[in-house]
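Colleague: Below: one structure in structure tokens.
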Amino acid sequence: MHSGSSSFRRRSLQDLNCLTSGEMSDEWVEQKVAYLLNNSGQYHPPVELTPALLKLCRVIQVNYIRGLPEVGRLQIRKSGFVVDITPTSAKEIGWDRVVLAHEVAHSLLYDVSSWPPKSLVSYRAGHWELEAICSYFARCLLVPKVWLIGALRDISREAATMNRLKSLDLLAKRFNVPWRLLAKRLVEDLECLDCVILKFSCSALRNSGGSGEPKPDWRLTWCAVPPYLRESVYIPFGRKVHGKRKCPRVKGRISRVIGECTTRSLFNEFFTLEVGAEELVSSTTGGLGKFISTELGLKRVELHCRSGIRSHTSLFSEPPGFSGGEIVLSILLPNQQVSRTAMDSP
Ligand SMILES: [Zn+2]
């Protein structure tokens, strides 16, 4: 299991085209998804990974085993594929389904006409590009393009009055997937949600230097960025240190994102930021909020302040005794269409 960016995803699919005789492309993915859904009798969200659907992929058994070294794995048997999954204890719904859909993708990348089945791709097992392709397939299967467009149309009137993170939340429930998967689908795969979504997490305090009180150590732990912005606002997800992922500090990263957006004239004089999905009493003092508002340095900042999607976290001033939490921020990209056209012209 590995999630890759969609720019890599595109390239990977092109590589697949060269590497195999089959028709492997975005189109191949769409067709495969349509085949699986139609032949397992599914016409509405959420997609269910039923025995009928799994059988179409020659997956004969799914085991949930605690303590596996990986979140999911595929075993090749003469009678078909066996998927082992580490059940997630995550609070967010749907991750087990994502892992299963990802493993299903692996199963489709084998030619099973002979024994042992031959891989259709030349990547070695575990290669990150292969993993990115399978994660992309999982998103396409769990959130089929046509269904998503239909669902967007359904909620559009309602969504006009709510923030985008809230509509993301609604859609994620409808498709029974984690909201982050849906965000990747909308923002990166299909480019139909014009915003940059950032997730910050704080799980520890850090010394602020001198004799000052320890401060919350906010880190940028996840983001969804439209492909046309990705190269310039690329945000590293940190590196592994002693087996643990170290994510970048908030400072510097968000200013780079924002700086890049302003340089590209995506914003003129103001921003719209959305924070989380629920209403929150706002004040612009302290904490991450203060940092963000100072960093913006623009004439007008429009803040739609809401609490975190998962757990309540005060963005603007951490309460006394605060030791950790999570916050999701969406930076809306107004006039994106216009700007993109401008960027595309020589
Ligand atoms: Zn994998």
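Colleague: Karplus couplings for the range 79-85 from phi (6.51 cos²θ - 1.76 cosθ + 1.60, θ = phi - 60°), rounded to Hz, Gly and Pro as x?
Modeller: 7, x, 9, 10, 9, 10, 10
Colleague: Check which residues have an amide H placed less than 5 Å from Thr221's amide H, if you skip close sequence neighbours.
Modeller: Here the answer is Lys199, Phe200, Ser201, since their amide H atoms fall under 5 Å of that of Thr221.
Colleague: Using θ = phi - 60° and the Karplus curve 6.51 cos²θ - 1.76 cosθ + 1.60, what whole-Hz ³J(HN,Hα) does each residue of the range 185-197 get, with Gly and Pro shown as x?
Modeller: Per-residue couplings from phi come out as 4, 6, 7, 9, 6, 9, 6, 10, 10, 8, 7, 9, 10 Hz.
Colleague: Compute the Kirkwood hydrodynamic radius of the range 134-229, taking the inverse of the mean of 1/r over all pairs of distinct Cα atoms, and give it in Å to one decimal. Don't jump to the answer; show the numbers that get you there.
Modeller: On the way: mean 1/r = 0.0663 Å⁻¹.
Final number for the Kirkwood radius of the range 134-229 is 15.1 Å.
Colleague: Can you work out ³J(HN,Hα) from phi for every residue in the range 130-138, in order, using Karplus 6.51 cos²θ - 1.76 cosθ + 1.60 and θ = phi - 60°, giving whole Hz and x for Gly and Pro?
Modeller: 5, 4, 5, 5, 5, 5, 5, 4, 4
Coordinate-derived values only; no laboratory data. Bear in mind the structure is a predicted one, so any value in this text is a computation, not a measurement.
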